[in-house]
Amino acid sequence: MTNVLGRFLAASTEFDQRLRSVRPEQWTAPTPCAEWNVRQLVNHMVRGNLNYVDLLAGGTRENFLRLRDADALGNDPLGAYAASVRLVADAFSRPGALDQVLDYPLGQVSGRQALAVRATDSAIHAWDLARALDVDDRLDSELVTWISDNLETIYAGLAESPVAADTTHRFFAAPGTLGESASRQDRLLQLMGRNPRQLSER
């Protein structure tokens with residue numbers, strides 16, 4: 001998994017581009033993540049970034065889970081997201097950070113693997129946000145290829161994985177078949193439990 005920090009930044013840019021198109025009335029719109037509206041999805045991303053920084057500083061999985069749903073947006077969701085991305089980039093670019101062992105909720109991982117998981121999560125949620133807002137949902141093709149080619153490594157050793165046959169978490173094959181002509185992005189989305197052919201409800 002080369003240039004994992006660059007992949008995280010690319011995925012974060014994908015999310016940021018959609019975030020900037022949110023209209024005031026869309027913050028309560030539903031998303032493909034049934035438990036979250038747009039604001040809750042954005043808060044999940046910001047809080048997640050902050051929790052990854054906390055893990056690198058010695059935080060525990062218990063603290064990660066305790067703070068998972070705490071509000072991190074305040075009155076400036078766009079600013080909060082941009083600041084959280086900078087914090088992750090700064091923290092994980094420090095010497096030794098990528099080799100540090102973190103107490104991640106799904107299992108202990110290196111900083112490198114944790115950041116790869118975060119890049120994947122950011123990319124998939126960028127698609128979720130795009131669908132919720134009815135904007136372009138095409139993700140960067142190089143990023144999609146990198147995630148697809150490295151899924152087994154990204155989720156190696158974790159309690160839940162999109163490439164594990166017996167996973168019970170949020171990874172599952174979405175209903176329906178994509179067919180042989182399906183794009184690589186659509187195949188990845190289906191592995192991550194999304195139905196790329198289903199239009200979002202508004």
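The values are calculated or read from the model by the stated rules, or taken from the named source; none is laboratory data. Please read these numbers as outputs of a predicted model, since none were measured by experiment. As a convention, Cβ positions derive from the backbone with ideal geometry for all residues, glycine included, and neighbour counts pool all protein chains shown.
Overview of results
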{"quantity": "The range 184-202: number of residues that are assigned to a loop (DSSP other than H, G, I, E, B), modelled with pLDDT of 80 or more and in contact with a Pro (Cβ under 8 Å, 6 or more places away or on another chain)", "calculated": "4"}
{"quantity": "Which numbered condition VAL109 fails, given (1) surrounded by fewer than 21 Cβ atoms within 10 Å (Cβ to Cβ); (2) of a type outside the set (D, E, K, R); (3) in contact (Cβ under 8 Å) with a residue 24 or more places away in the chain", "calculated": "(1)"}
{"quantity": "Helices (runs of 4 or more DSSP H) completely within the range 33-97 that count 3 or more residues being at pLDDT below 95", "calculated": "61-67"}
{"quantity": "Residue count, the range 119-159 (criterion: in a loop (DSSP other than H, G, I, E, B) and charged (D, E, K, R))", "calculated": "5"}
{"quantity": "ASP121 vs. criteria buried (at least 19 other Cβ atoms within 10 Å of the Cβ), in contact (Cβ under 8 Å) with a residue 24 or more places away in the chain, among the acidic types (Asp, Glu) and more than 18 Å from TRP27 (Cβ to Cβ)", "calculated": "yes"}
{"quantity": "Selected residue (only one of GLN17, GLN26 is touching a residue at least 40 places away in the same chain (Cβ under 8 Å) and either touching a Leu at 6+ places or on another chain (Cβ under 7 Å) or crowded, with 22+ Cβ neighbours inside 10 Å (or both))", "calculated": "GLN26"}
{"quantity": "Residue satisfying condition, being surrounded by 15 or more Cβ atoms within 10 Å (Cβ to Cβ) and without any contact (Cβ under 8 Å) to a residue 60 or more places away in the chain, within set LEU50, LEU41", "calculated": "LEU50"}
{"quantity": "Matching residues in the range 1-32 - criterion: being among the aliphatic types (A, V, I, L, M), more than 13 Å from the chain's Cα centre (by Cα), part of a helix (DSSP H, G or I) and under 16 Å from VAL144 (Cα atoms)", "calculated": "VAL4, LEU5"}
{"quantity": "ASP134 being at pLDDT 90 or above, under 30 Å from SER21 (Cα atoms) and surrounded by fewer than 18 Cβ atoms within 10 Å (Cβ to Cβ)", "calculated": "yes"}
{"quantity": "Of the criteria (1) in contact with a Lys or Arg (Cβ under 6 Å, 6 or more places away or on another chain); (2) without any contact (Cβ under 8 Å) to a residue 12 or more places away in the chain, which one ASN75 fails", "calculated": "(1)"}
